Amino acid sequence: MRINDDITIEDWELSEQFTRASGPGGQNVNKVSTAVELRFEAARSPNLPEPVKARLKRLAGRRWTRDGALVIRCDETRSQARNRDIARARLAELIRQAAQRPKRRVPTRPTLGSKRRRLEAKTRRASLKSLRGKVRDDE
């Protein structure tokens with residue numbers, strides 16, 4: 001399975017398991033295993049660079065198992081082949097996202113004008129709140 005110019009996943013790295021899906025399908029839902037569980041052994045994959053694996057682990061969240069596998073489950077349609085294609089497309093998109101390097105954040109400082117405006121707004125707000133106090137009689 002080709003992800004981009006640099007990353008290609010071999011078929012032996014993927015394993016699929018089919019189970020019965022919940023949801024629509026009538027009597028067919030009890031007989032046919034249409035839901036697919038796609039398992040990709042990402043931690044052991046020789047085709048993924050280490051930084052991509054680290055970003056993929058963060059993006060995967062709960063779909064990442066303790067032994068370093070990425071598990072994608074799909075039971076959207078009644079067709080086993082269509083669910084299989086959807087699961088593979090999700091995996092490819094997840095790996096594509098992980099392959100993109102995040103932009104390095106360049107720290108900036110607030111401008112002098114923005115600091116001044118912020119402090120003026122704080123002063124105005126504080127004077128408004130000071131007027132909310134209890135009213136005293138000076139008699």
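When we screen 98, 60 for residues that are buried (at least 18 other Cβ atoms within 10 Å of the Cβ) and in contact (Cβ under 8 Å) with a residue 40 or more places away in the chain, the only hit is 98.
When residues in region 101-121 are screened for being surrounded by 10 or more Cβ atoms within 10 Å (Cβ to Cβ) and either closer than 30 Å to residue 72 by Cα or in contact with a strand residue (DSSP E or B) (Cβ under 6 Å, 6 or more places away or on another chain) (or both), 0 of them pass.
Tell me yes or no: at least one residue of region 40-50 is under 30 Å from residue 102 (Cβ atoms), more than 22 Å from the chain's Cα centre (by Cα) and of a type outside the set (Gly, Ala, Ser). There is at least one residue in region 40-50 that is under 30 Å from residue 102 (Cβ atoms), more than 22 Å from the chain's Cα centre (by Cα) and of a type outside the set (Gly, Ala, Ser). Take residue 15 and decide whether it is loosely packed, with under 14 Cβ neighbours inside 10 Å, over 16 Å from residue 1 (Cα atoms), among the hydroxyl-bearing types (Ser, Thr, Tyr) and out of contact with any Leu (no Cβ under 7 Å at 6 or more places or on another chain). Spelling it out, it is not the case that residue 15 is loosely packed, with under 14 Cβ neighbours inside 10 Å, over 16 Å from residue 1 (Cα atoms), among the hydroxyl-bearing types (Ser, Thr, Tyr) and out of contact with any Leu (no Cβ under 7 Å at 6 or more places or on another chain).
Kindly indicate whether residue 58 is farther than 22 Å from residue 7 by Cα and modelled with pLDDT of 85 or more. For residue 58, the condition - farther than 22 Å from residue 7 by Cα and modelled with pLDDT of 85 or more - is not met. Filtering region 37-57 to residues that are exposed (fewer than 14 other Cβ atoms within 10 Å of the Cβ) and charged (D, E, K, R) leaves 44, 50. For residue 101, the criteria (1) assigned to a helix (DSSP H, G or I); (2) farther than 20 Å from residue 1 by Cα; (3) at pLDDT below 90 hold in every case but one, which is (1). When residue 111 is tested against the conditions (1) over 16 Å from the mean Cα position of the chain (by Cα); (2) among the β-branched types (Val, Ile, Thr); (3) closer than 30 Å to residue 13 by Cβ, the lone failure is (3).
Taken together, the residues in region 68-89 that are part of a helix (DSSP H, G or I), touching a residue at least 40 places away in the same chain (Cβ under 8 Å) and of a type in the set (D, E, K, R) amount to 2. With respect to (1) at pLDDT below 90; (2) more than 21 Å from residue 8 (Cα to Cα); (3) surrounded by fewer than 12 Cβ atoms within 10 Å (Cβ to Cβ), the lone exception for residue 124 is condition (1). Annotation: residue 66 fulfils all but one of (1) within 28 Å of residue 100 (Cα to Cα); (2) in contact with a helix residue (DSSP H, G or I) (Cβ under 9 Å, 6 or more places away or on another chain); (3) modelled with pLDDT of 80 or more; the unmet one is (2). Condition test on residue 120, is it part of a helix (DSSP H, G or I) and among the charged types (D, E, K, R)? So residue 120 passes the test.
The values are calculated or read from the model by the stated rules, or taken from the named source; none is laboratory data. Every value quoted in this text rests on a predicted model; they were computed, and no experiment measured them. Cβ coordinates were reconstructed from backbone atoms using ideal geometry, including for glycine residues, and neighbour counts include every protein chain displayed.
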